[in-house]
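Below is one structure; the comments refer to it alone.
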Amino acid sequence: MANTPNIRFKGFVGDWEQRKLGESFKERTERATGDEELLSVTIGNGIIKQTDSDKRNIASEDKSNYKIVRKGDVPYNSMRMWQGAVGNSEYDGIVSPAYTVLIPTAQANGKFFMELFKKESTLKIFQRWSQGLTSDTWNLKFPVLSSIEFYIPSIKEQTKIAEYFKSFDHLITLHQRKCDEVKLLKKFMLQKMFPKSGELIPEIRFAGFTGDWERRKLGEVFKEYSEKNHPELPALTIIQGGGTVKREESDRNLMYDKSNLSGYKMVRGNDFIVHLRSFEGGLEKASSDGIISPAYHTFHGENVDSRFYYPYFRSHEFIKRKLIAHVYGIRDGRSINIDGMKTIEIPYTSYKEQCKIGDYLENLDHLITLHQRKCDQLKEVKRFMLQNMFPQKG
């Protein structure tokens, strides 16, 4: 077993020591007095206040048996420890009596251990040590957990590693928050930049644009076309909410008969596609020229900015209030009556105003993508550092 990490902060030398978790933690068994903050242990976000959770509160009214948590403690879900349901609490509060609450000793940094506990290799160890016949009943109580051994450095090195990952988490949270804020802004602006039902003027409008918007039938603004015999174009796969990708680049690894490509329909970049799941997700927009299943329908609009219409065709207003009337069949066998869909009235304004709104929405999408990409990159770097700042096996 390796007992030193591949990457280490300057000034730290020597082997990490093998210790049982019972040497680093004691179990807190204090019970609630009745007025403490209720906390939740999550896999994705660690310890959060129940009031900040989007899950329904199923806690018992009588909380006298709930366990006390102090700031700095490491509570974990005994039945889901093998999945990473653990965190280093930033709050005083209480948790379900089904949870275990760990108190770090003077030689243990809670944040360091939380990162160790979340590692994929550690979760496999917790899974092996969990007791129960099936995954639904696997349980890892403190007496068993306390006997598991890991290679652990000095408290000084633990603290250095913990501070490093804390700063990483701060950056990830920052970009995720920015991403979420822009998504909320986009949602708000979409509600305000399109007229409400029954109205012809949006609440928010760019300077220089006046007058009523029109209501035109979808089939007047967009014309359906069906052009085949283009086997030289790439076959495309629909990504609901994400346009199209070339099938060869899709992670879905779909199989199709290339000899039948002449029967596929051509679609031009930025044109709209009615596909098999459009009844629940709206119309999709082609990201590039290509060919698609002959079961799909393609629509093109002249002097139309597809960036303007794309969010509308995926909106609740369009899908649940207008398109639903032209959906037939049951469950996954549902289809759209295309002729009926063409009669739906959709908002229409000048091409110049469409482009202005399209530019604005595209800029918001770029910001969302930027922050999400940065967030994903940071998560990937953190994953790499977690693999290399702890011994490979422990």
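Table: residues versus (1) within 26 Å of G211 (Cβ to Cβ); (2) among the β-branched types (V, I, T); (3) not assigned by TED's automatic domain parsing to the domain that holds I47.
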position	(1), (2), (3)
T159	no, yes, yes
F165	no, no, yes
D169	no, no, yes
T173	no, yes, yes
C179	no, no, yes
V182	no, yes, yes
F188	yes, no, yes
**Prompt:** What about A108, is it more than 22 Å from the chain's Cα centre (by Cα), under 29 Å from K10 (Cα atoms), in the same structural domain as V69 (by TED's automatic domain parsing) and at pLDDT 95 or above?
**Reply:** yes
**Message:** Given (1) part of a loop (DSSP other than H, G, I, E, B); (2) out of contact with any strand residue (DSSP E or B) (no Cβ under 7 Å at 6 or more places or on another chain), identify the lone condition not met by D339.
**Reply:** (1)
**Request:** Identify, by number, the condition in (1) in contact with a helix residue (DSSP H, G or I) (Cβ under 7 Å, 6 or more places away or on another chain); (2) surrounded by fewer than 19 Cβ atoms within 10 Å (Cβ to Cβ) that S350 doesn't meet.
**Result:** (1)
**Fill in**
Of the residues in the range 369-384, those that are among the aliphatic types (A, V, I, L, M) and either surrounded by fewer than 18 Cβ atoms within 10 Å (Cβ to Cβ) or in contact with a strand residue (DSSP E or B) (Cβ under 8 Å, 6 or more places away or on another chain) (or both) come to L370, V381
**Message:** Against the condition out of contact with any strand residue (DSSP E or B) (no Cβ under 9 Å at 6 or more places or on another chain) and at pLDDT 95 or above, how does E120 come out, does it pass?
**Reply:** no
**Request:** Go through the range 228-238 and give me each residue that's exposed (fewer than 14 other Cβ atoms within 10 Å of the Cβ), without any contact (Cβ under 8 Å) to a residue 60 or more places away in the chain and either assigned to a strand (DSSP E or B) or of a type outside the set (S, T, N, Q) (or both).
**Result:** E232
**Prompt:** Taking the range 113-124 only, how many residues are farther than 27 Å from Y66 by Cβ and without any contact (Cβ under 8 Å) to a residue 60 or more places away in the chain?
**Reply:** 2
**Message:** D359 - would you say it is of a type in the set (D, E, K, R), modelled with pLDDT of 95 or more, assigned to a helix (DSSP H, G or I) and loosely packed, with under 15 Cβ neighbours inside 10 Å?
**Reply:** yes
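The values are calculated or read from the model by the stated rules, or taken from the named source; none is laboratory data. All of these numbers come straight from a predicted model, not from anything done at the bench. In this analysis, Cβ positions are derived from the backbone assuming ideal geometry, glycine residues included, and neighbour counts consider all displayed protein chains.
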